[in-house]
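Remarks on the structure that follows.
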Amino acid sequence: MNRSIVILVMAEEKWEEADFLRQQIELIGHRAKILDMGLTGSSQGVCQISREEVISASGRPHEEVLSVTDRGKRMPIMVDGGIQIVRKLFDEGELSGIISVGGTTGTRMGSSIMKSLPFGFPKLAVSSTAALPGLSSRYIGTADITLMHSVIEFAGLNDLLRNVLARAAGAICAMVESGERVPIQLPEKGNKPLIAMTHFGPSEECAVHVRKLLEEKGWQVIGFSAAGIGDRAMEEIIESKDIFGAVIDLTPGGVGEELFGFSRKAGPTRLEAAGKKNLPQVIAPCSVNFGSPLKKNYLPEYDQRKKYVYDSARTFVRLSEEELIQVADVIAEKLNRSGGPVKVVIPLGGWSSVDKRGTPFYDANLDRIFVDQLKKKLSSAIEVREVDADLETLEFASAVVQAFEDIMPKEVIH
């Protein structure tokens, strides 16, 4: 095979470390190429993919790029060129894995390039700044990048850094080999497609019931944590790839979290991708009726509402009547634009494990305000089914599965 692992590095600063990593990868039995993402100066050594090649791949004139002395302005040019090169290698079957080494700038550039590669492709970022507050989420975003904290700086080879890089070589090679042993197998045309489903702690029992019921019928269900990043990733995958054939959105609370700037905000396009792709959707309301305010944005008036301390990091606060109407309006507007069939299933006995009937957090009157407003705003083509059970029950999960089967093409169901 002519495939290689690409090493992303700013070669004017950390070429020696990248070259040691290359040698370690090749000792294990894989081929490796260094790609120079450098911004200033000259490479400290030979790179199999030179800076000039990266600039050329960006489509910008070489002389023009060299005249850009501002690192911040040159970064996106080098990232774009790197993306073009690795995507070409991937499309031509010449790429088996990708790894970056660096500090803040190198990891930001390297992870940005990695994000252009699909889910399941081996990606490893080795960074001396992986543990800095706020940076790890920026590096990873919604991609399946593995982040390794080097702890020590990339500042010349020494025994500690050789150990880090040797382990990093072992990790990326093992990722490549493991992916070859267990490749992603997407359903062939005519077979039952994959189903995307949102999960969240308070909806987990429901999700387990739904998944098991569907698996008994031969479906594969792919879960996404609806904590603001996982559901955002689900939206991105649905919109950019033809992987899923339907969506069961048990936990669309990220819509309201986005509206009010809470901690689980899932982006302004949450609950839109499936509609744009004409996919069948079943929607349940878990976490739509409460929010997770950030501590810095916590308002004194929240103390007058019903609250639920979920863990040391999160306190759920019931949405007000006005807020529920806002969320209902936005959800209805998004669902009304859907090109595929949609059904909404509402559990009258409570919308999650923390607000089911009989608990202090349950509030049927507030929930009713949301449901009535949603019905008022939804297109007549979208059915709202109400089930006299709480979301955690097998009865409600069965209703979700029935709604799913009602909107799926009959030839796929059977």
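Summary of values
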{"quantity": "Residues Phe396, Phe361 arranged by fewest to most Cβ contacts within 10 Å", "calculated": "Phe361, Phe396"}
{"quantity": "Out-of-range pairs (alpha-carbon distance over 29 Å; input Lys33/Lys192; Lys189/Lys276; Lys115/Lys376; Lys115/Lys277)", "calculated": "Lys33/Lys192; Lys115/Lys376"}
{"quantity": "Mean separation of Cα contacts under 8 Å (6+ apart) over length of the chain, as relative contact order %", "calculated": "11 percent"}
{"quantity": "Kirkwood Rh, Cα atoms: Rg over Rh of region 4-181", "calculated": "0.93"}
{"quantity": "³J(HN,Hα), Karplus 6.51/-1.76/1.60, whole Hz, each residue of region 351-360, x for Gly, Pro", "calculated": "9, 6, 5, 9, 10, 6, 3, x, 9, x"}
{"quantity": "Binned Cα-Cα distances of the chain, short to long, each 20 Å bin given as a whole percent", "calculated": "25, 45, 28, 2"}
{"quantity": "Helix 11-28 axis, angle to the chain major axis (alpha carbon atoms, nearest 10°)", "calculated": "80 degrees"}
{"quantity": "Range in the chain, longest, excluding exposed GluC sites (Glu not before Pro) [loop by DSSP; at most 14 other beta-carbon atoms within 10 Å]", "calculated": "189-414"}
{"quantity": "Alpha-carbon Rg/Rh ratio, for region 194-413, with Rh computed the Kirkwood way", "calculated": "0.94"}
{"quantity": "Degrees, to the nearest 10: 321-336 long Cα axis against longest axis of the chain", "calculated": "70 degrees"}
{"quantity": "Backbone HN-Hα couplings from phi across region 246-261 [Karplus 6.51/-1.76/1.60, Hz, Gly and Pro as x]", "calculated": "6, 9, 10, 9, 6, 10, x, x, x, 5, x, 4, 5, 4, 9, x"}
{"quantity": "Amide hydrogen neighbours beyond the local backbone of Lys33, cut-off 5 Å, H modeled", "calculated": "Ile5, Val6, Ile7"}
{"quantity": "Total formal charge among the other residues, if their Cβ is under 15 angstrom from that of Thr198, Lys/Arg +1 and Asp/Glu -1", "calculated": "-3"}
{"quantity": "Least to most buried among Asp355, Asp329 (fewest other Cβ within 10 Å first)", "calculated": "Asp329, Asp355"}
{"quantity": "CD proxy at 222 nm, helix term only [per DSSP H run n ≥ 4: -39500 (n - 2.57); per residue of the chain; nearest 500]", "calculated": "-13000 deg cm²/dmol"}
{"quantity": "P(r) tail fraction, region 241-294 - alpha-carbon pairs more than 19 Å apart, %", "calculated": "31 percent"}
{"quantity": "Order of His30, His149 - criterion: other Cβ atoms within 10 Å of each residue's Cβ, fewest first", "calculated": "His149, His30"}
{"quantity": "Whichever lysines have a C-alpha closer than 25 Å to that of Lys307, once near sequence neighbours (fewer than 8 apart) are set aside", "calculated": "Lys265, Lys295, Lys296, Lys356"}
{"quantity": "Within region 185-272, trypsin sites (Lys or Arg not before Pro) in DSSP loop having at most 13 other beta-carbon neighbours inside 10 Å", "calculated": "Lys189, Lys217, Lys241"}
{"quantity": "Region 1-145: relative contact order in percent, alpha carbon pairs under 8 Å with at least 6 residues between", "calculated": "23 percent"}
{"quantity": "Folded to 0 to 90 degrees: helix 71-91 orientation relative to the chain principal axis, Cα", "calculated": "80 degrees"}
{"quantity": "Mean separation of Cα contacts under 8 Å (6+ apart) over length of region 194-413, as relative contact order %", "calculated": "21 percent"}
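Laboratory data are not the source of any read-out in this text; all were calculated from the coordinates shown. Because the structure is a prediction, the values reported are computed rather than measured. FYI the Cβ positions are ideal-geometry reconstructions off the backbone, even for glycines, and counts take in every protein chain you see.
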